[in-house]
Every structure is written in structure tokens, then in C-alpha cells.
Amino acid sequence: MKKTNTAFLSFADPDRDLAKTLSQMFSLANEYAYFAPDELGKAGTPEWRKEILAQIKKSHSFVPIYTRHSVRRPWVLYESGVADSVGLKRFPARVSSVSPSDIDYLPGGPVLCFDLSTEDGVVDLITNACVQKGGERSEALVRVRKACRQNEAVVNRIMVLARTRWVFIAGNVPRGTSRLDSEVKWYTTQADYEMRLKDLCELLAEFLLRSGFSVAACPQVRPVGMHVTRKVLSCLDSQEYQDPVGFKIAGIYPIDREARELAFSEKAKRKWLDHILAFRGTYLADQEWIVLIGGSEGTREEYEAATSYGVKTYAVPCFGGTAMRVFDEGGSLKIGPCATCTRRDGQCKDEAVKEMVACLKSASLALPAAKAR
């Protein structure tokens, strides 16, 4: 079969914009990179399998795009298997929210993985695919660099999409003053507790934005999500941040709270919790981190759902509740100031929170084991 594609782009459907823009950059460098169009239909159908097999066989190289979505999609792994079966050279690419260690178990590993969040990464990826097709590296490099220089908007779009990193801040005041008295040694009054909680939430939200993270929270949770939301929106309104920093509402606190008050049978409760777990994926699947602060049953379930979607957990133990228990049980990555803090007094200052965020940004740690979905 005649090879007509310089590369076959393998991606998860939520990353279609990134794959399409990368394909556009290939085209601007006078190369053709195939990516499955919308009209091809649902992955896994006989028509889809036939087209994918044909296009992989027509390709000189295979480019899997590793993102929060694709590392667990079975059809991305299926395409990798097909590419291996026909002996295609693999040039894996990744976005910023996926570290090399997150993908070292995948076909091809992290030995050579191109970072799409940098211009050099984009240039090197396309150049290598061109060389695999045939020709001199020096000529291909000059041509690709020229195309990128002349089409800065396209390259910048790829980098912006690849730099997107989300942190979901979850938590609440744990239920019951007696529990706080026993779990939080510094606890004196509810007002003091909530003030320290507010200060941490606001500092954390601001420093996350400054570090290039986008932030998600549930504003209906007054002691945590509301403060995060107000601070983020205030910062975004008053300061300039580089793309793709942003905010979105996440969580189902009002629904969850009211449902807990209903007199369900045990069977009905199980069905409800299964439904809620599936729904949580709509706002958890693209998160890189979940940060836990305080919290009760709902926060625990949110943490468990996040883990099932491969989201990394950073728990702040000093406010008690779910976050403290997750931290003490080893469910949180013990990095940054929380790993060495002995005070646990809820009075993190600027430098400590900056260090916390720096750890989230630079941590090259494996994802928690994801449950089968």
C-alpha cells in the first residue's frame, strides 16, 4: 500500500482541537498528518476500525498525543497496537499536565517524548516525522522552522492547548465541632478555623494562577469553594495572566447535600452513588490535581472519584477531616511543605504556599492506579 501520510495522529476525542491544530501545522510545513475526522463516527465500530487500519498502513510514522484524556482511552492503545503491528516508527508527544513518568508504562515509554508546550518540541516532532518519511534532517529542520516562524498563531495555539493544567480545590469544614476539637489541635472557635481556611484558600488560588494553572472549584461550598471562586475571579479581573489560565465551576455539592438527606433504601443509595460517581467524571476527568482541604463524606467520595480518573492528590492535613485522613493513610503525594510540617496549625504563609504550588507544577510522579472504567 502506498504511504500518503507523513504521520498518523492518535488522540482522544476531548483533545480534537489540539490534534486538528497540530495537523494544520504539519500541512503548513507541506506535510500531511492524518487525524480521524468527526464524521468517521464512534470509535470501535467496524467502519472506524477499517478506516483507522487503512490510514495507519498509509502512514510513515505514528504520533500518539498523550494528555489527561488519552492515557486511559482504550482506542488510543488499540491504535498503538496497530501501529506496532505494521512496524511504524513512534514519535510520542505530550502536554504539560502529563509528565514522562505518567506514560512510562505506555508503548514507546518516555525515552523520546516531544513536549508540545514549547516551540522547540513542536518543531522537533514535525522534523522527526519528516525525516522518517525520507530526506535530509537539515533540510527538513529549516523548512519546519520557517513554517513555524511564518505561522506563529498556529504554533502558539498548539502551545496554549498543551500548557493547560487544571487543579480542583475541594473540601469543606468537617462535620461536627467535637470532631474538629479532637482532630485539630489548634482549634479554638469556628470563626478562627474558618478564617484560617479562607486565608489558605485565597493564597492557594492566587499562586496557582501565577504559576500558570487553571483553577476549578464549587462556589456553593462557602468555606472553601466560594473563597477560591471569589479570589480567582478577582485576580483574573485585575491582573494579566498568560493563556490558558482560567476558572470553571466544578462539583455537585448542592445535589450531593440534599440527596444525603433523603430516606433512600440501601439499594437506592448504591444506585445513586454509582450515578454520582459517573457524573463526577464530567468535571474531574481533565483535572491534573485535586487539592483536599478539610471535608467530610462528600470530599472523600470526590477524592475516590478523582483517583479513579487518575487525578493526583495533594491533601492539606492541618484542617482535619477527609484531607487529614487521606494524608495520614498515604492517599496523598507527600511532597512540599505539608510533608515536613510539624505544626499543622493552618497558618501557611506566602512562602509555604508558593512552595506547595511549585511542587504541584514540577512533580514528576506517577499517577495513582486508575480503576477500570
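Looking at segment 159-179 only, could you name the residues that are touching a residue at least 60 places away in the same chain (Cβ under 8 Å) and surrounded by fewer than 19 Cβ atoms within 10 Å (Cβ to Cβ)? 160, 175, 179 - these are the residues of segment 159-179 that are touching a residue at least 60 places away in the same chain (Cβ under 8 Å) and surrounded by fewer than 19 Cβ atoms within 10 Å (Cβ to Cβ). Looking only at residues in segment 222-235 that are among the aliphatic types (A, V, I, L, M) and in contact with a Pro (Cβ under 9 Å, 6 or more places away or on another chain), the one that is nearest to residue 356 (Cα to Cα) is 228.
Residue check: is residue 205 at pLDDT below 95 and either among the charged types (D, E, K, R) or buried (at least 16 other Cβ atoms within 10 Å of the Cβ) (or both)? For residue 205, the condition - at pLDDT below 95 and either among the charged types (D, E, K, R) or buried (at least 16 other Cβ atoms within 10 Å of the Cβ) (or both) - is not met.
Identification of helices (runs of 4 or more DSSP H) wholly contained in segment 235-312 with 1 or more residues that are modelled with pLDDT of 90 or more and under 21 Å from the mean Cα position of the chain (by Cα) yields 266-284, 297-308.
Against the list (1) surrounded by 14 or more Cβ atoms within 10 Å (Cβ to Cβ); (2) small (Gly, Ala, Ser); (3) free of Cβ contacts under 8 Å to residues at least 24 places away in the same chain, the condition residue 41 fails is (1).
The residues of segment 313-334 that are aromatic (Phe, Trp, Tyr) and assigned to a helix (DSSP H, G or I), listed by number, are 319, 327. Residue 67 falls short on exactly one of the conditions (1) modelled with pLDDT under 95; (2) among the β-branched types (Val, Ile, Thr); (3) more than 27 Å from the chain's Cα centre (by Cα); (4) surrounded by 14 or more Cβ atoms within 10 Å (Cβ to Cβ), and that condition is (3). Total residues in segment 18-32 satisfying the condition of being of a type in the set (D, E, K, R) and in contact with a helix residue (DSSP H, G or I) (Cβ under 9 Å, 6 or more places away or on another chain): the figure is 1. Given the structure, is residue 185 surrounded by fewer than 13 Cβ atoms within 10 Å (Cβ to Cβ) and touching a residue at least 40 places away in the same chain (Cβ under 8 Å)? In short, yes. In segment 136-147, is there at least one residue being surrounded by fewer than 21 Cβ atoms within 10 Å (Cβ to Cβ), touching a residue at least 24 places away in the same chain (Cβ under 8 Å) and either aliphatic (A, V, I, L, M) or not assigned by TED's automatic domain parsing to the domain that holds residue 282 (or both)? Taking every residue of segment 136-147 in turn, at least one turns out to be surrounded by fewer than 21 Cβ atoms within 10 Å (Cβ to Cβ), touching a residue at least 24 places away in the same chain (Cβ under 8 Å) and either aliphatic (A, V, I, L, M) or not assigned by TED's automatic domain parsing to the domain that holds residue 282 (or both). Among the criteria (1) touching a residue at least 12 places away in the same chain (Cβ under 8 Å); (2) part of a loop (DSSP other than H, G, I, E, B); (3) among the small types (Gly, Ala, Ser), the one residue 121 does not fulfil is (2).
Applying the condition of being in a loop (DSSP other than H, G, I, E, B) and of a type outside the set (A, V, I, L, M, F, W, C) to segment 335-360 and asking which residue is farthest from residue 180 (Cα to Cα) yields 336.
The values are calculated or read from the model by the stated rules, or taken from the named source; none is laboratory data. All of these numbers come straight from a predicted model, not from anything done at the bench. Ideal geometry is used to build each Cβ from the backbone, glycine not excepted, and the neighbour counts take in all protein chains shown.
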